[in-house]
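Trainee: Following this message is one structure expressed as structure tokens.
The values are calculated or read from the model by the stated rules, or taken from the named source; none is laboratory data. Please read all numbers here as calculations on a predicted model, not as lab measurements. Heads up, the Cβs are rebuilt from the backbone with ideal geometry, glycines too, and the neighbour counts pull from every protein chain shown.
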């Protein structure tokens with residue numbers, strides 16, 4: 001059974017994950033407007049991943065006899081600039097989410113909630129991957145600079161990403 005503190009924190013994380021999904025969907029829309037379909041695809045897949053993460057938290061709360069409480073989701077930023085700035089913002093957002101996950105782990109330990117701590121370890125590993133992937137694209141975009149041909153090539157590569165639901 002979840003403590004009230006843990007339940008509240010996990011519900012807040014559902015909201016943060018849903019916001020992340022909204023944010024990446026807004027970024028996808030921006031890229032689609034710029035005819036960068038590969039970039040748009042990458043962000044759309046990222047939005048799907050964040051929604052799946054929210055559902056993992058939702059299911060964990062239910063499985064632990066808690067009450068999932070959904071709150072209003074803040075609207076994301078909707079005006080964006082160049083691909084590099086967008087991916088830098090995505091990288092910063094992933095670092096923010098990593099901090100939230102770390103705080104949840106700390107709370108689970110403090111609450112002596114071994115089941116939630118175990119559950120959260122998947123997210124600890126996932127966030128390492130999320131940060132590394134976003135940062136990798138940031139570094140590629142820095143190398144590319146304003147080279148249109150290289151941007152086009154990266155767009156083609158990003159179009160290959162497919163959604164694989166988490167286990």
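Trainee: Quick test for you: out of 109, 137, pick the one residue that is closer than 21 Å to residue 158 by Cβ, at pLDDT 95 or above and touching a helix residue (DSSP H, G or I) at 6+ places or on another chain (Cβ under 8 Å). Write out each step before concluding.
Mentor: Details: 109 fails: closer than 21 Å to residue 158 by Cβ.
Just a single option satisfies the conditions, and that option is 137.
Trainee: Same structure, new question: Please go through the range 113-138 and pick out each residue that is farther than 19 Å from residue 166 by Cα and surrounded by 12 or more Cβ atoms within 10 Å (Cβ to Cβ).
Mentor: Initially, the range 113-138 is screened for residues farther than 19 Å from residue 166 by Cα, giving 113-114, 135-138.
Listed by number, the residues that qualify are 113, 135, 136, 137, 138.
Trainee: Would it be correct to say that residue 73 is under 18 Å from the mean Cα position of the chain (by Cα), surrounded by fewer than 13 Cβ atoms within 10 Å (Cβ to Cβ), modelled with pLDDT of 95 or more and not in a helix (DSSP H, G or I)? Spell out the reasoning first.
Mentor: Details: under 18 Å from the mean Cα position of the chain (by Cα): yes; surrounded by fewer than 13 Cβ atoms within 10 Å (Cβ to Cβ): no; modelled with pLDDT of 95 or more: yes; not in a helix (DSSP H, G or I): yes.
Answer is no for this residue.
Trainee: Then there's this: Quick check: is even one residue across the range 62-70 surrounded by fewer than 20 Cβ atoms within 10 Å (Cβ to Cβ), farther than 21 Å from residue 7 by Cβ and either modelled with pLDDT of 95 or more or over 18 Å from the mean Cα position of the chain (by Cα) (or both)?
Mentor: No, the range 62-70 contains no residue that is surrounded by fewer than 20 Cβ atoms within 10 Å (Cβ to Cβ), farther than 21 Å from residue 7 by Cβ and either modelled with pLDDT of 95 or more or over 18 Å from the mean Cα position of the chain (by Cα) (or both).
Trainee: Which numbered condition trips up residue 156, out of (1) more than 30 Å from residue 11 (Cα to Cα); (2) under 20 Å from the mean Cα position of the chain (by Cα); (3) surrounded by fewer than 17 Cβ atoms within 10 Å (Cβ to Cβ)?
Mentor: Just one mismatch for residue 156, condition (2).
Trainee: Checking residue 54 against (1) within 13 Å of the chain's Cα centre (by Cα); (2) under 20 Å from residue 101 (Cα atoms); (3) in contact (Cβ under 8 Å) with a residue 60 or more places away in the chain: exactly one of these is not met. Which one?
Mentor: Failed condition: (3).
Trainee: Being within 24 Å of residue 146 (Cα to Cα) and surrounded by fewer than 21 Cβ atoms within 10 Å (Cβ to Cβ), is that true of even one residue in the range 47-55? Lay out the reasoning, then the answer.
Mentor: Within the range 47-55, the first condition is being within 24 Å of residue 146 (Cα to Cα), and the residues that meet it are none.
Looking through the range 47-55, none of the residues is within 24 Å of residue 146 (Cα to Cα) and surrounded by fewer than 21 Cβ atoms within 10 Å (Cβ to Cβ).
Trainee: Could you go through the range 81-92 and let me know if any residue there is at pLDDT 95 or above, surrounded by 18 or more Cβ atoms within 10 Å (Cβ to Cβ) and out of contact with any helix residue (DSSP H, G or I) (no Cβ under 6 Å at 6 or more places or on another chain).
Mentor: There is no residue in the range 81-92 that is at pLDDT 95 or above, surrounded by 18 or more Cβ atoms within 10 Å (Cβ to Cβ) and out of contact with any helix residue (DSSP H, G or I) (no Cβ under 6 Å at 6 or more places or on another chain).
Trainee: May I pose another question? Quick one: in the range 31-43, which of the residues that are buried (at least 20 other Cβ atoms within 10 Å of the Cβ) and part of a helix (DSSP H, G or I) is farthest from the chain's Cα centre (by Cα)?
Mentor: Of the residues in the range 31-43, the ones buried (at least 20 other Cβ atoms within 10 Å of the Cβ) are 31, 36, 39-43.
Checking the rest, the ones that are also part of a helix (DSSP H, G or I) come to 31, 39-43.
Values: 31: 17, 39: 16, 40: 15, 41: 15, 42: 12, 43: 10 Å.
Looking at residues that are buried (at least 20 other Cβ atoms within 10 Å of the Cβ) and part of a helix (DSSP H, G or I), I get 31.
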